[in-house]
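Structure first, then comments.
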Amino acid sequence: MKLIPSDDPQICKTGSIMSMKQIITTFLFLSLSLFTSNNGFAQSEDDTLTVALDPVIVEAVHSAITLDEASMAISTLQRSNFDLASRPGGSLDEITFTMPGIWISNRENHALGERMTVRGMGWRSPFGVRGIQVILDDIPLTVADGQTILNMVDPAMVQNVELLRGPSASIWGNSSGGVLYLSTRSRPESPLFRYRTYYGSFETMKHEFRLDTAIQGLQLGAYGTWHRSDGYREHNRSELFRTGISAGMDVGSNSRIEFRAAYAGMPLAEHPGSLPDNVAREQPRSAWQPFVDADAGKQFDQLMGSATLYRQFNSGQLTLSSHGVWRDFHNPLTFAYIYVERLAGGSRLLYDFDELPFQLQVGAEHRWQHDDRIQTNNDGGIQGGQLLIDQLEKVQTLSAFSRAVIPVNSFNLNIGLRGDRMYFHANDRLGNESGDVQFYTLNPAVGLSHAFGDGQIFVQLSTSFESPTTTEFKNRPGGGTGFNKDLKPERTAGLEGGIRGTLAGESINYDLTLFGMNTEDQIVQFQEVQNGPDLYRNEGNSSHIGLESQFTLQPHSAISMDIMYTWIQARFRDGEWDGNHIPGVAPHRVASSISVEFGRHRLGLDAEWVGEFYTSSANDSHNDSYALLHSRWLFDAIEFEQGKVQPFLSIRNLLDVRYNSSVTINAFGERYFEPGSSRSLQAGITLQWY
């Protein structure tokens, strides 16, 4: 068993989007013409969207298990050179929208970040991500309490994506309703140096560079990006720096060590706030005036680092990793000015046995988090003199786990078990509300898979849990400091089954999955006063059932297509909203993408349709369905022995559709809606040296 990470390519898939009425007509007409014509297309290089390659090693499960052995719903994506060079990559939704199960809404608001759900998990998040683990280059972006901030991720630098779509607490513990694993690691075909710059609508500008090289056995990678924009809406400016560096080398014949570090700084991110329905329709570019008056927004600096040791023994392989995070952010809002300095990190130890008649992995993990939180009144965008909260919040998680893959005739039996102990402590330096909260949880998973010909069927039963975050514990109904000790973790059990494989000589990849999940002690977000903080309580249970499907086709060496349809029905059970649909979860989503190469030109067309969904737990308001179409063009203008020059053009929202890109769930005063931008143009150039 070889667990030391390799650079073996994975099945290449990329994202796209689909629409209704005239968009569908246009898209189907284009697709039909491309299927029926074999003239005028150049033979494609290794740059199409889909390529049949070696078996995929699933890194997101922290094991050497392959996709053929896994009994869980997994999506993998490897971005093509065309995609990396031509897609602006302003938000993760641009590269994940054809992956079934996951829905990332671009709020176009860096102060809040993207809104992400997986099978409806994470629906309540007012900012950042809840209920879903996100890992960047083996460094968890999800800290001990379950919070995930995506500002560290520059989508333009992401090379590969893996998604575990079902409950995965037996692998990752807290807040694992799904797992999104992002990698910026270079691939064998990566250029030595790449520089890209583009300018676009709303005074948007971005510069990027990337370096990948090897010096006497030391593999080095580095990237850096700078982005600024005035934004589509008023009070929507942002400026963001990101950089990362990695190094890895073999130490002797049996060991390897890798180091990674990343920094992100956001000196400016204005927060325009959400809008009532009538204002969002009639004045979509406007900001909510109280947010302007408060100079609402966010500024932060964040530094992350990790080290990993791989050591091969006769009986198996040891993996020992450790990571640390420092984050410092200022967050002026309408109700307060929040300052938090965060120190967080963790260590993980794994041992994979090689000499057994089955695969066995055992391990342990420790995560910790210290949030030094100060909250004052907001005095026109600066800290006021009235101290509201002054406390140190600590979280500790200790875990032990094991996984096994046991061959049983022509089947693989997958078994996993993890136990977690979580401890929360608030040291209130202002009042007398210091206190502790702790709980224990045990999460099993069991699944069965069977490979046949060019396909595989699987079924799995798994569980997850989601603790309240420190922010959710801290925001107490009625105000005050300390923690809301009445708030409990929510727990989820899920059953999924599906079939995946290839057809027609590997020119078609397919993935069909049915799933059902039940969540107990659902954590529900609400507000008590207008422009006040988001508060939380446990409110009954919920059920999620659905279908996920994806087809990737390559009818010609110069043509690739990706088609996705997801249906989900998520409802509350028991409690005040019994029978209502869970807000923020679209029951129907369709997405598709097509890439065409002819001569030196490469064209991409992405389409998406999102069905109507509710914006409040009471189901008394909804967000209208919408359809979007995007296009990209790339030209190999100048090619020389050691590189190439590639101008590109991207048009987002080609048909200039008026829509809301995201919503704020259960917002006071029915201010649910966050308008998406009108048609926008980005033009730039990519330079590559090999």
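The values are calculated or read from the model by the stated rules, or taken from the named source; none is laboratory data. Keep in mind the model is a prediction, meaning the values are calculated, not measured. Backbone-built Cβ (ideal geometry, glycine too); neighbour counts: all protein chains shown. Surface accessibility is based on the protein's heavy atoms, side chains included, excluding ligands, DNA and RNA. Shrake-Rupley method; radii C 1.70, N 1.55, O 1.52, S 1.80 Å.
With +1 on the Cβ of every Lys and Arg and -1 on the Cβ of every Asp and Glu, and nothing else charged, how large is the dipole of the range 102-235 about its Cα centre, in debye rounded to the nearest 20? Let's see the in-between values first.
Values: 14 positive and 13 negative charges, 54 e Å.
For the range 102-235, the charge dipole is close to 260 debye.
Which residue, chosen from V585, S347, S560, occupies the Cα position most advanced towards the positive end of the dipole of the chain, where the dipole is computed from +1 (Lys, Arg) and -1 (Asp, Glu) charges on Cβ about the Cα centre?
Comparing the listed Cα positions along the dipole, S560 ranks first.
Going by Cα centres, the range 129-151 and the range 561-616 are how many Å apart?
23 Å
Mind jotting down a quarter of the surface of the convex hull over the alpha carbons of the range 319-358, in square nanometres, one decimal? Walk me through the numbers on the way to the answer.
Numbers: hull surface 19.3 nm².
Reported value for the Cα convex hull: 4.8 nm².
What dipole magnitude, in Debye to the nearest 20, does the range 590-690 give about its Cα centre under +1 on Lys/Arg Cβ and -1 on Asp/Glu Cβ?
Values: 8 positive and 12 negative charges, 60 e Å.
Dipole of the range 590-690, to the nearest 20 debye: 280 debye.
Need one word for the range 162-231: rounded, prolate or oblate. Basis is the Cα gyration tensor (sqrt eigenvalues a ≥ b ≥ c); a/c below 1.5 gives rounded, then a/b vs b/c decides.
oblate
With unit charges on the beta carbons (Lys and Arg positive, Asp and Glu negative) and the dipole taken about the Cα centre of the chain, which residue among T319, L333, G248 sits farthest to the positive side?
Most positive-ward Cα: G248.
F411 versus A451, label points 7 Å from Cα toward the beta carbon: distance in nm?
Here the modelled spin labels are 1.7 nm apart.
Using mean Cβ contacts within 10 Å as the protection proxy, how do 219-225, 128-134 order, highest first? Could you put the intermediate results ahead of the total?
Details: 219-225: 18.3, 128-134: 26.0.
Packing proxy ranking, top to bottom: 128-134, 219-225.
Would you mind calculating the relative contact order of the range 421-544 from Cα pairs under 8 angstrom and at least 6 residues apart, reporting the percent as a whole number? Please list the in-between numbers first.
On the way: 246 pairs, mean separation 24.9, N = 124.
Answer for the range 421-544 is 20 percent.
If I compute volume of the Cα convex hull per residue in Å³ from the structure I just sent, which labelled value in (i) 138; (ii) 241; (iii) 176 lines up?
(i)
May I ask for the net charge around D574, where only other residues with Cβ less than 15 Å from the Cβ of D574 are counted and Lys, Arg are +1 while Asp, Glu are -1? Present the calculation step by step, with values, prior to reporting the outcome.
On the way: positive: K488, R491, R537, R571, R573; negative: E490, E520, D521, E539, E576, D578.
Residues close to D574 contribute a combined charge of -1.
Above 22 angstrom, tally the Cα pairs of the range 485-591 and express them as a % of all pairs, no decimals. Each step should come with its number before you reach the end.
Numbers: 2862 of 5671 pairs.
Counting pairs separated by more than 22 Å, the tail of P(r) holds 50 percent.
Per the helix-only calculation at 222 nm, which mean residue ellipticity applies to the chain, given -39500 (n - 2.57) for every DSSP H run of n ≥ 4 and division by its residues, nearest 500 deg cm²/dmol?
-1500 deg cm²/dmol, from helical runs alone.
Work through the residues other than N414 whose Cβ is under 10 Å from its Cβ and net out their charges, Lys, Arg +1 and Asp, Glu -1. Can you show the working numbers first?
Values: positive: R403; negative: E69.
After counting each charged neighbour, the total is 0.
Would you mind counting up the charge near F465? Only other residues with Cβ under 13 Å from its Cβ, with Lys and Arg at +1 and Asp and Glu at -1.
Details: positive: R130, R418, R421, K488, R491; negative: D145, D420, E466, E490, E520, D521.
For residues surrounding F465, the net value is -1.
For W326, tell me the accessible area in Å² from a 1.4 Å probe, rounded to the nearest 10.
80 Å²
If I compute solvent accessible area with a 1.4 Å probe over the protein chains, what percent of it on the range 121-229 is carbon and sulfur?
On the way: 1600 of 2500 Å².
The computed percentage sits at 64.
For the chain, what relative contact order do you get, as a whole percent, if you take Cα pairs closer than 8 Å and at least 6 residues apart? Before the final figure, lay out each step's value.
Numbers: 2082 pairs, mean separation 99.1, N = 690.
Taking the mean separation of contacting Cα pairs over the length of the chain, I get 14 percent.
What ranking do 553-563, 302-312 get when scored by the average of other Cβ atoms within 10 Å per residue, highest first? Show your work: numbers first, answer last.
On the way: 553-563: 21.4, 302-312: 18.5.
Descending packing order for the listed peptides: 553-563, 302-312.
Beyond a 21 Å Cα-Cα separation, which of these cross-linked pairs lie in this structure: K298/K474; K394/K474; K298/K485?
On the way: K298/K474 19 Å; K394/K474 12 Å; K298/K485 28 Å.
Going by Cα-Cα distance, K298/K485 fall outside the 21 Å limit.
For the range 592-688, which whole-number percentage of the solvent-accessible area (1.4 Å probe, protein heavy atoms only) is attributable to carbon and sulfur atoms?
Carbon with sulfur: 55 percent of the solvent-accessible area.
What accessible area per residue comes out for the chain, rounded to a whole number of Å², with a 1.4 Å probe?
Details: 24860 Å² over 690 residues.
Solvent-accessible surface per residue comes out at 36 Å².
Pick out, from I95, G419, S201, the residue whose Cα sits farthest towards the positive end of the charge dipole of the chain, with +1 on the Cβ of Lys and Arg and -1 on the Cβ of Asp and Glu.
The Cα lying farthest towards the positive end belongs to S201.
Please give the Cα centre distance for the range 385-416 versus the range 185-245, rounded to the nearest Å.
Between the Cα centre of the range 385-416 and that of the range 185-245, the gap is 32 Å.
Placing +1 at every Lys and Arg Cβ and -1 at every Asp and Glu Cβ, with all other atoms neutral, what dipole size does the chain have around its Cα centre, in debye to the nearest 20?
Numbers: 55 positive and 79 negative charges, 47 e Å.
With only Lys, Arg, Asp and Glu charged at Cβ, the dipole is about 220 debye.
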